[in-house]
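See structure below.
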Amino acid sequence: MSGPIIDSPAAKQLFTRAAGLDGAGGNERLKRIVGRITTDLCRTVEEFDVTPTEFWAAVGYLTRLGQANEAGLLVAGLGIEHFLDLLMDEKESQAGLEGGTPRTIEGPLWLADAPLEKGEARLDQDPEQGTALFMEGQVKDADGTPVPGAVVDVWHANTRGGYSHFDPSQSPYNLRRRIETDGGGRYRFRSVLPSGYGCPPDGPTQELLDHLGRHGRRPAHIHFFVEAPGCRRLTTQINIAGDQYLHDDFAFATRDGLIPEIVRHDDPAEIARRGLSEPFVSIRFDFALNRILLLPICTASPAAWPSPTCEARSWTCRRYVGTSCPTPR
Ligand code: BEZ
Ligand code: FE
């Protein structure tokens, strides 16, 4: 046969059968996606003449990636998570939904059910030698109206770049809180200025990055989910200005509009007023939420998720996958 083997009838039949596309039962959408992925992968194998040795090295790599629980790091490092942001931006733009605080990647280090506090919180429960950080702002809806009762879920690394739960030296939920905005839509918290994250140096993500001639560092940042009734849930981060990796994030998350001014306070009277003995920093940052992108009503049964039509149950939503629908429309 002339032309690539992947386009031959035998290969087409193979991957149609392997994805279950020739039979009833299962999830139609998933079958089509699996069929496409296996075909595209084997097209790459053929085009690059991948040897069996290389192929089995890749299989071994994926096994180690899973064993090290680093799949979430790699998808960010390869730009795939940022690509999802570009896709969602474009979808919203086509629907006429512009503006609002830019979204950026969630990353793999969020934890559900952080302690919920009203109006304000202190995040740094473990003692640390670092610079105290005071951050505050308002949550506003698409009309610019402050939203009382919005929930700001905030999480960040400590001064060594580690996240509680993933770093066993930290206490549970250290540097993680959910803060419900007050009657004026305001939130505020005290914490410690984080350091940037670095991929585990001996892990499989860094191993691949080394082969690509890349580093695995992120600039210092603070993550947020911001949720309010009737508004689109915002997933974002702010970056700490001045960080050496600010515009060289291995996970490609830095975006215009997410680098607030960091104000340094060294006035002894002000320091004393805060109950501190060292200079501290403050950040003011308002979150502007967008309207919900209204999509066709999802008719998929839970067994058929991920559904192509419902934003709340899209495959990017880790919260609701596998549970009953939290937002029936
Ligand atoms: C982080 O948020 O720190 C992170 C994001 C993607 C990959 C690794 C870490
Ligand atoms: Fe992070």
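Of the numbered criteria (1) touching a Phe, Trp or Tyr at 6+ places or on another chain (Cβ under 9 Å); (2) within 16 Å of ligand 2 (Cβ to nearest atom), the one residue 181 fails is (2). Regarding the stretch 96-111, can at least one residue be identified that is at pLDDT 95 or above and more than 30 Å from residue 148 (Cα to Cα)? Taking every residue of the stretch 96-111 in turn, none turns out to be at pLDDT 95 or above and more than 30 Å from residue 148 (Cα to Cα). Look at the stretch 263-281 and say how many of its residues are in a loop (DSSP other than H, G, I, E, B) and free of Cβ contacts under 8 Å to residues at least 40 places away in the same chain. Looking only at that region, the number is 4.
A single entry from 98, 81 fulfils the requirement of being open to solvent by 20 Å² or more (accessible area, probe 1.4 Å) and either basic (Lys, Arg) or within 12 Å of ligand 1 (Cβ to nearest atom) (or both): 81. If you check residue 235 against the conditions, is it assigned to a loop (DSSP other than H, G, I, E, B) and either within 13 Å of ligand 2 (Cβ to nearest atom) or aliphatic (A, V, I, L, M) (or both)? When the stated conditions are applied, residue 235 does not pass them.
Might you let me know whether the stretch 153-166 holds any residue that is more than 30 Å from residue 58 (Cα to Cα), buried (at least 20 other Cβ atoms within 10 Å of the Cβ) and more than 15 Å from ligand 1 (Cβ to nearest atom)? For the stretch 153-166, residues more than 30 Å from residue 58 (Cα to Cα), buried (at least 20 other Cβ atoms within 10 Å of the Cβ) and more than 15 Å from ligand 1 (Cβ to nearest atom): absent. Among the residues examined, residue 228 does not qualify as within 15 Å of ligand 2 (Cβ to nearest atom), out of contact with any Lys or Arg (no Cβ under 8 Å at 6 or more places or on another chain) and open to solvent by less than 20 Å² (accessible area, probe 1.4 Å). Note on the stretch 84-172: enclosed strands (runs of 3 or more DSSP E) holding 3 or more residues that are under 17 Å from the mean Cα position of the chain (by Cα) are 151-156. Return yes when residue 200 is at negative phi, surrounded by 19 or more Cβ atoms within 10 Å (Cβ to Cβ) and in a loop (DSSP other than H, G, I, E, B) and no when it is not. Spelling it out, it is not the case that residue 200 is at negative phi, surrounded by 19 or more Cβ atoms within 10 Å (Cβ to Cβ) and in a loop (DSSP other than H, G, I, E, B).
Tell me whether the stretch 208-217 contains one or more residues that are within 16 Å of ligand 1 (Cβ to nearest atom), buried (at least 20 other Cβ atoms within 10 Å of the Cβ) and farther than 17 Å from residue 191 by Cα. Scanning the stretch 208-217 turns up at least one residue that is within 16 Å of ligand 1 (Cβ to nearest atom), buried (at least 20 other Cβ atoms within 10 Å of the Cβ) and farther than 17 Å from residue 191 by Cα.
For the stretch 18-38, the set of residues classified as of a type in the set (D, E, K, R) and not in a helix (DSSP H, G or I) consists of 22 only. The set of residues from the stretch 48-78 being open to solvent by less than 80 Å² (accessible area, probe 1.4 Å), within 16 Å of ligand 2 (Cβ to nearest atom) and in a loop (DSSP other than H, G, I, E, B) comprises just one member, 70. Restricting attention to the stretch 231-261, the residues that are open to solvent by 20 Å² or more (accessible area, probe 1.4 Å), within 12 Å of ligand 1 (Cβ to nearest atom) and within 19 Å of residue 189 (Cβ to Cβ) add up to 1. Within the stretch 177-207, the set of residues being over 18 Å from residue 252 (Cα atoms), among the hydroxyl-bearing types (Ser, Thr, Tyr) and within 16 Å of ligand 1 (Cβ to nearest atom) comprises just one member, 191.
The values are calculated or read from the model by the stated rules, or taken from the named source; none is laboratory data. Keep in mind that this is a model prediction, so the values were computed, not measured. So basically every Cβ, Gly included, is an ideal-geometry build from the backbone, and we count neighbours across all protein chains shown. When the accessible area is computed, the model is the full protein with side chains, heavy atoms only, and any ligands, DNA or RNA have been set aside. Shrake-Rupley method; radii C 1.70, N 1.55, O 1.52, S 1.80 Å.
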